[in-house]
Amino acid sequence: MTTSADFATQPIGFGTWPFQDDEAERAVASAIDVGYRLIDTASKYENEAAVGRGIAASGVPREEIFIQTKLRGHDHGDVRGALERSLEWLGVEYLDSWLIHWPLPMLGLYPKAFEEMAQAKQDGLVREIGLSNFLPEHLDVIKQETGLVPAVDQVQCDPGLNRPELRAELATRGIQMQSWSPLARGGEVLEAAPVLEVADARGLTAGQVVLAWHRAVGAVPIARSGNPQRQRENLAAVAIELTPEEVTKISSLPQRGLGDFDPRTRDER
Ligand SMILES: NC(=O)c1ccc[n+]([C@@H]2O[C@H](COP(=O)([O-])OP(=O)(O)OC[C@H]3O[C@@H](n4cnc5c(N)ncnc54)[C@H](OP(=O)(O)O)[C@@H]3O)[C@@H](O)[C@H]2O)c1
């Protein structure tokens with residue numbers, strides 16, 4: 001039987017957005033087969049049933065897998081109902097990790113929702129509770145209004161949006177950071193000169209260098225690939241240690257802003 005402590009030590013997670021139906025099922029089964037154990041989904045992705053089928057198809061016992069899903073914006077006022085639906089879609093009796101997907105400060109419901117999630121944890125239906133896309137100002141509200149400490153904050157991060165202040169803030173608060181879109185969705189970060197230089201010098205792929213960078217800065221990357229060869233290649237990054245110089249070099253990429261994904265204004269339900 002796994003414990004929440006085991007969840008906290010997972011070095012990399014497998015992302016399932018935007019996979020649907022058979023593609024989701026196949027990708028998840030193959031990811032588990034190559035060795036991923038932390039599987040990330042969300043009710044918003046509308047693929048929990050397919051993800052659940054992929055987990056079942058893998059043949060690996062349920063208790064060896066860490067299933068993480070998220071409370072969508074529409075459900076901030078119906079936390080228990082949302083949990084029942086996610087459990088049913090995934091075909092499981094409990095979640096290993098359950099996150100509030102976006103804070104939606106314009107609704108003002110997230111502190112109460114988080115308290116209800118804590119109750120679900122007490123009831124044994126969820127092992128760990130956490131957040132996603134929460135900024136320090138939202139974490140302050142959680143602290144002041146609930147006194148609860150989230151296990152995780154899953155935020156957008158890659159070497160081109162590397163968020164040093166947020167990383168430091170989460171470390172100070174004892175909250176594990178997870179990086180979503182850690183490979184910048186396969187975009188130009190994987191072609192950036194500092195990344196390619198480290199990759200060439202070390203005989204690694206650009207994807208491995210970027211995932212090793214996340215590990216080096218203390219984040220757990222949630223990486224997605226539908227390709228079993230790349231799934232394996234990405235997973236192997238957990239054994240790669242970058243030097244401080246390599247980390248600095250990769251961190252020096254030009255930085256983008258949050259744009260449409262600013263949690264203060266994003267109304268993602
Ligand atoms: N909390 C949130 O609000 C939030 C938001 C977005 C995403 N997420 C989560 O984070 C997960 C990951 O983010 P993401 O899916 O947006 O993007 P990502 O993991 O950064 O990138 C995925 C893309 O990169 C390609 N890729 C994977 N490995 C590669 C490699 N080694 N070399 C080159 N290309 C590679 C994949 O293509 P192939 O399939 O062809 O390999 C795919 O197109 C999502 O699946 C989801 O679970 C959470």
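The values are calculated or read from the model by the stated rules, or taken from the named source; none is laboratory data. Just so we're clear, the structure is a prediction, and the values are computed from it rather than from any experiment. Here the Cβ positions follow ideal geometry from the backbone for every residue, glycine too, while neighbour counts run over all protein chains shown. Remember, those area values only see protein heavy atoms, side chains included, never the ligands or the DNA or RNA. Shrake-Rupley method; radii C 1.70, N 1.55, O 1.52, S 1.80 Å.
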Find the residue count for the stretch 188-203, including only residues that are closer than 25 Å to W17 by Cβ and either near the ligand (Cβ under 9 Å from one of its atoms) or not in a helix (DSSP H, G or I) (or both).
3
What is the residue count in the stretch 1-15 for residues that are open to solvent by 20 Å² or more (accessible area, probe 1.4 Å), touching an Asp or Glu at 6+ places or on another chain (Cβ under 6 Å) and not in a loop (DSSP other than H, G, I, E, B)?
1
Please indicate, with yes or no, whether at least one residue in the stretch 71-88 is within 12 Å of the ligand (Cβ to nearest atom) and open to solvent by less than 30 Å² (accessible area, probe 1.4 Å).
yes
Count of residues meeting criterion [in contact (Cβ under 8 Å) with a residue 12 or more places away in the chain and farther than 14 Å from L190 by Cβ] in the stretch 217-250
18
Output for the stretch 256-269, where each listed residue is assigned to a helix (DSSP H, G or I) and either open to solvent by less than 50 Å² (accessible area, probe 1.4 Å) or acidic (D, E) (or both)
D260
Look at L253 and say whether it is crowded, with 17+ Cβ neighbours inside 10 Å, in contact (Cβ under 8 Å) with a residue 12 or more places away in the chain and not in a helix (DSSP H, G or I).
yes
Members of the stretch 143-152 that are charged (D, E, K, R) and either within 13 Å of the ligand (Cβ to nearest atom) or in contact with a helix residue (DSSP H, G or I) (Cβ under 7 Å, 6 or more places away or on another chain) (or both):
E145
Would you confirm, using the coordinates I've provided, whether D158 is of a type outside the set (A, V, I, L, M, F, W, C) and surrounded by fewer than 19 Cβ atoms within 10 Å (Cβ to Cβ)?
no
Among the candidates A56, A31, A113, which residue alone is within 16 Å of the ligand (Cβ to nearest atom) and either open to solvent by 10 Å² or more (accessible area, probe 1.4 Å) or under 18 Å from V152 (Cα atoms) (or both)?
A113
With a cut-off of at least 2 residues that are of a type in the set (D, E, K, R) and closer than 24 Å to G174 by Cα, name the strands (runs of 3 or more DSSP E) lying wholly within the stretch 31-142.
126-132
Members of the stretch 16-30 that are among the hydrophobic types (A, V, I, L, M, F, W, C) and either closer than 18 Å to Q176 by Cβ or assigned to a loop (DSSP other than H, G, I, E, B) (or both)
W17, F19
State all residues of the stretch 153-187 that are within 19 Å of K70 (Cβ to Cβ), more than 8 Å from the ligand (Cβ to nearest atom) and part of a loop (DSSP other than H, G, I, E, B); if no residue qualifies, say none.
C157, I175
Would you pick out the residues in the stretch 204-249 that are outside any strand (DSSP E or B), within 24 Å of D153 (Cβ to Cβ), open to solvent by less than 40 Å² (accessible area, probe 1.4 Å) and near the ligand (Cβ under 9 Å from one of its atoms)?
G207, V210, L211, S225, N234, A237
